[in-house]
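Before any comments, here is the structure.
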Amino acid sequence: MKFLTKITDWFESTHLQEQIKDVDIVALFSNPWFIVPFACLILYMLYKQSWKEIIIIALMVGVWWVSGTPYMASLIVRGEIQIEKILPVIFGGAVALGFVIYLLFGRSD
């Protein structure tokens, strides 16, 4: 239990949840310093037909978007994790991780 307390304290000290919540998505995707290299990366991957990498990037963007939803903000109430709400998140994360592992190691091009 002491190990979990250290991890929780570290997570709270990084303020990662607030940083993700405070990201202005509209401003990020309208900022040319982000969108031009991101679009060039996607276009290059389309040109090279790197479908696995495109799917992994889309999955990462999806996870990032989901992490900023009100549902994710309601996982911790008064410093306590809501177990009935965390189980779908854990299951979804396991499915996403399994899919990425399958893409990277399970099949060949």
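Miscellaneous remarks
- Those residues of the stretch 69-109 whose amide nitrogen sits under 13 Å from the label point placed on residue 49, 7 Å along Cα→Cβ: 109
- The angle between the Cα long axis of helix 32-48 and the longest principal axis of the Cα atoms of the chain comes to about 60 degrees, rounded to the nearest 10.
- Quotient of Cα Rg and 2.2 N^0.38 Å for the chain, N being how many residues it contains: 1.32
- Between residue 104 and residue 42, the C-beta separation translates, for a Förster distance of 22 Å, into a calculated FRET efficiency of about 0.70.
- If the segment from residue 8 to residue 76 were pulled out straight at 0.36 nm per residue, it would be longer than the present Cα-Cα gap by 23.3 nm.
- DSSP loop trypsin sites (Lys or Arg not before Pro) with at most 12 other Cβ within 10 Å excluded, longest remaining stretch of the chain: 1-77
FYI, it's all coordinate maths here, none of it is from the lab. Note that the structure is a prediction, hence the values are computed from the model and not measured. Don't worry about glycine lacking a Cβ; one is built from the backbone with ideal geometry, like all the others, and counts go over all protein chains shown.
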